[in-house]
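Heads up: the structure comes next, in structure tokens.
All of the numbers you see were taken from the coordinates with simple rules; none came from a lab. This structure is a prediction, so every number in the text was calculated from the model and none was measured. Reconstructed Cβ throughout: ideal geometry from the backbone, glycine too, with neighbour counts over all protein chains shown.
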Amino acid sequence: VSSIIVPITNVMNDQYCYQTSKKIRQVFDYKRRNGQYIGSNPPFGYVKDAKDRHHLVIDPDAAEIVRLIFSLLLKGTSKRGISFYLNEHGIPSPSVYKLEKGMTVSNKPDGNTLWSGRMIHTILTNPMYTGDLVQGRFRVKSYKVHQIETVPEEEWVRVADTHEAIIDKATFEKVQELLLRDTRTSPQGRTVHLFSGFLKCADCGRAVTRCSGKNNVYYACATYKSRSRNACTMHSISHARLEAAVLYAIRQQVHLAVSYSEVIAQINSAPIKKNQSFRLDDTIHAKERELAKVTRYKQSLYQDWKDGEITQQEYRDMKATYDRQINEVSDVLARLTAERAELANGVDKEHPALVAFKKYQNIDALSRELLIELVDHIKVYENGNISVKFKFADQLRRIAEYIDVNTAESPAWAV
């Protein structure tokens with residue numbers, strides 16, 4: 001009898017542990033979704049509120065260190081360079097800082113009290129600094145296996161604006177974008193090269209990398225340089241020429257933004273503003289007709305299959321094609337409709353896209369921070385020419401449409 005009872009008891013105990021673990025997870029998940037911080041140690045820069053341990057408040061001294069780290073990266077300092085800077089200036093690492101302040105430390109430093117590139121990366125990628133509560137990024141595998149695993153980002157629990165931000169969201173997103181780029185450091189290891197991560201070959205699409213000659217610095221296609229000289233050509237350009245060309249392109253875009261602002265101010269001060277783009281209306285109507293036509297074709301497919309005019313495989317292939325076309329046209333329609341609505345609402349001369357460029361009216365040199373804010377990428381052509389793809393391109397195009405609508409005469413047929 002005892003040989004039967006023991007396995008049954010083990011099963012019951014195992015089930016009890018499973019149910020208990022499940023209930024605990026549900027309680028934690030409920031608290032997370034209600035914007036309660038349930039971690040033991042807050043991110044560096046925050047402390048638990050004395051009145052509510054599930055709420056975070058800023059630790060002013062630590063927050064200044066966090067802001068410094070973000071600022072240094074945006075100015076072109078590498079993560080390794082930032083760690084050198086903090087260590088050389090005697091700025092305590094998170095664990096040392098907490099010990100000095102008498103706070104609880106999960107892992108006490110075992111002789112290694114200095115900043116490292118890994119610590120810098122952890123701070124730069126933590127979305128909690130924007131004021132949003134982001135939890136559930138790691139979890140224990142199961143109640144049986146106490147192994148920590150990383151949770152996919154789409155499963156993180158996010159609750160917006162639960163505490164005061166140390167870093168504004170725009171700056172945080174700018175840093176995340178920068179971290180995704182190829183940010184190779186200079187030989188000294190302290191700063192990131194000015195154009196690192198921005199240059200692309202106009203033909204093969206791969207990076208254009210920095211090279212150093214005896215007396216000059218130039219750039220060349222990575223495919224040509226390191227893979228095959230038959231796969232692409234050199235696409236060479238000197239650093240001085242590249243820097244001058246990009247600076248000129250940015251100045252032209254700044255001049256355009258200033259001109260747009262002046263014209264918009266005149267339009268908005270006029271007694272009557274137009275808000276209808278006949279070009280947009282025609283394009284939207286054409287896309288609506290296209291969507292209706294493809295939808296009709298898709299609807300008739302099933303009957304064609306049943307009537308034996310097409311095979312089942314042909315039906316599936318054609319249906320997939322029509323579904324893709326419907327999705328593509330629907331996306332275009334949604335964008336055009338939003339564009340028309342934005343046009344109807346008007347444009348302010350202090351539009352974010354205009355402000356972003358206007359604040360650089362007096363630039364005389366490029367900086368890493370400027371490129372991060374204004375430039376998406378730079379293509380280098382074989383003849384040494386370049387093209388600069390700016391951020392805010394779609395917004396500037398819509399602003400140009402608004403100006404065009406309000407400065408052009410309406411066609412006679414539209415009266």
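Toward the positive end of the charge dipole of the range 158-257, about the Cα centre and with charges on Cβ (Lys, Arg +1; Asp, Glu -1), which of His193, Phe172, Ala231 goes farthest? My answer, from the dipole projection, is Ala231.
Give me the percent relative contact order of the range 243-414, please, defined on Cα pairs under 8 angstrom at least 6 residues apart.
Working: 129 pairs, mean separation 62.3, N = 172.
For the range 243-414, the relative contact order is 36 percent.
An ellipsoid equivalent to the range 200-318, defined through the eigenvalues of its Cα gyration tensor, has semi-axes of 48, 37, 6 Å when rounded to whole angstrom and sorted largest first.
From the cross-link list Lys287/Lys389; Lys214/Lys391; Lys174/Lys293; Lys287/Lys319; Lys79/Lys169; Lys79/Lys391, which pairs have alpha carbons spaced over 31 Å apart?
Numbers: Lys287/Lys389 27 Å; Lys214/Lys391 35 Å; Lys174/Lys293 42 Å; Lys287/Lys319 20 Å; Lys79/Lys169 20 Å; Lys79/Lys391 25 Å.
Pairs exceeding 31 Å: Lys214/Lys391; Lys174/Lys293.
Ranked by the mean number of other Cβ atoms within 10 Å of their residues, highest first, the peptides 298-309, 124-135, 86-97 fall in the order 124-135, 86-97, 298-309.
For Lys101, no residue has an amide H sitting under 5 Å from its own, ignoring neighbours fewer than 5 places away on the same chain, with H placed 1.01 Å from N.
Mean shadow of the range 34-180, computed from the convex hull of its alpha carbons, in nm²? It would help to have the intermediate numbers written out before the result.
Details: hull surface 39.9 nm².
About 10.0 nm², averaged over all directions.
Phi angles across the range 250-264 convert, under the Karplus curve 6.51 cos²θ - 1.76 cosθ + 1.60 with θ = phi - 60°, into 3J(HN,Hα) values of 5, 4, 5, 5, 5, 4, 5, 5, 5, 4, 4, 4, 5, 5, 4 Hz, Gly and Pro given as x. For Val375, the residues whose amide H sits under 5 Å from its own are Lys391, ignoring neighbours fewer than 5 places away on the same chain, with H placed 1.01 Å from N.
Counting Lys and Arg as +1 and Asp and Glu as -1 over every other residue whose Cβ lies under 12 Å from the Cβ of Leu242, the net charge comes to +2. Using a/c under 1.5 as the rounded threshold, could you call the range 243-414 rounded, prolate or oblate? The axes a ≥ b ≥ c are square roots of the C-alpha gyration tensor eigenvalues, and prolate needs a/b larger than b/c, oblate otherwise. Because a/c hits 1.5 or more and a/b fails to exceed b/c, the range 243-414 counts as oblate. The amide H of Phe198, built 1.01 Å from its N in the peptide plane, has no neighbour under 5 Å, considering only residues 5 or more places off or on other chains.
Here the 3J(HN,Hα) profile of the range 54-62, calculated from phi with Karplus coefficients 6.51, -1.76 and 1.60 at θ = phi - 60°, is 9, 10, 9, 10, 6, 9, x, 5, 5 Hz, Gly and Pro shown as x. Each residue of the range 208-219 was assigned a 3J(HN,Hα) from its phi angle through the Karplus expression (A = 6.51, B = -1.76, C = 1.60, θ = phi - 60°), giving 9, 9, 7, 10, 10, x, 5, 10, 8, 10, 9, 10 Hz with x at Gly and Pro.
Simple point charges give the picture: +1 on the Cβ of Lys and Arg, -1 on the Cβ of Asp and Glu, and for the range 243-414 a dipole about the Cα centre of about 180 debye.
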